[in-house]
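Here is the structure we will look at, set down as structure tokens.
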Amino acid sequence: MKFDVIIATYNRRDSLKILVEQILECSCLPEKIIIVDSSIDENQEIQSLDSVTYVRSSHKNQPYQRYVGYLASSSDVLIYFDDDMRIVDKQCFEKILIPFNDENVVGVQPNFIYKRPLHKSTQIIPIITPI
């Protein structure tokens, strides 16, 4: 089953790089990783990756960025990630795709948890877990 991963991002260059690297380490890879970037500066490092379709957006609006990602995709299934999410299960895509074998399924919400910061200044990072 074809699927694309769509990531809306805004000024989180390092976090985005970690997520893209984690996606590329998964056991089942998307047809495309579509990055819709409304950051102040272009991310040339991510843009240069063969596996990435990089789209610049002047709208700093996540729902709009996700829509732009949808327009850039031709896959059967779209998987949306936030740029600060982390993948802990390298088989997450196989698990996300299983319910789509039922023709009545049109969407899936995978489980994710928030790792609480130890200190108030520490960023909270959502973690994708298996369904």
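The values are calculated or read from the model by the stated rules, or taken from the named source; none is laboratory data. Source: prediction; values computed, not measured. In this analysis, Cβ positions are derived from the backbone assuming ideal geometry, glycine residues included, and neighbour counts consider all displayed protein chains. Remember, those area values only see protein heavy atoms, side chains included, never the ligands or the DNA or RNA. Shrake-Rupley method; radii C 1.70, N 1.55, O 1.52, S 1.80 Å.
Which condition number does residue 19 fail, the rest of (1) in contact with a Phe, Trp or Tyr (Cβ under 8 Å, 6 or more places away or on another chain); (2) open to solvent by 70 Å² or more (accessible area, probe 1.4 Å); (3) assigned to a helix (DSSP H, G or I) being met?
(2)
Just one of 96, 79 is touching a helix residue (DSSP H, G or I) at 6+ places or on another chain (Cβ under 8 Å), more than 18 Å from residue 11 (Cβ to Cβ) and either open to solvent by 70 Å² or more (accessible area, probe 1.4 Å) or hydrophobic (A, V, I, L, M, F, W, C) (or both); which is it?
The conditions single out 79.
Count, please, the residues in the range 70-92 that happen to be outside any loop (DSSP other than H, G, I, E, B) and either in contact with an Asp or Glu (Cβ under 8 Å, 6 or more places away or on another chain) or of a type in the set (A, V, I, L, M) (or both).
Final tally of qualifying residues: 5.
Which pairs have Cβ atoms under 7 Å, sit 6 or more apart or on different chains, and link a residue in the range 57-76 that is touching a residue at least 12 places away in the same chain (Cβ under 8 Å) to one that is open to solvent by less than 90 Å² (accessible area, probe 1.4 Å) and assigned to a helix (DSSP H, G or I)?
57/65; 57/68; 59/65
Mind checking which residues of the range 22-51 are in contact (Cβ under 8 Å) with a residue 40 or more places away in the chain, assigned to a loop (DSSP other than H, G, I, E, B) and buried (at least 16 other Cβ atoms within 10 Å of the Cβ)?
Across the range 22-51, the qualifying residues are 26, 30, 31.
Under 9 Å by Cβ, and 6 or more places apart or on different chains, what pairs join a residue from the range 1-17 that is without any contact (Cβ under 8 Å) to a residue 60 or more places away in the chain with one that is surrounded by 17 or more Cβ atoms within 10 Å (Cβ to Cβ) and among the β-branched types (Val, Ile, Thr)?
13/46; 17/46
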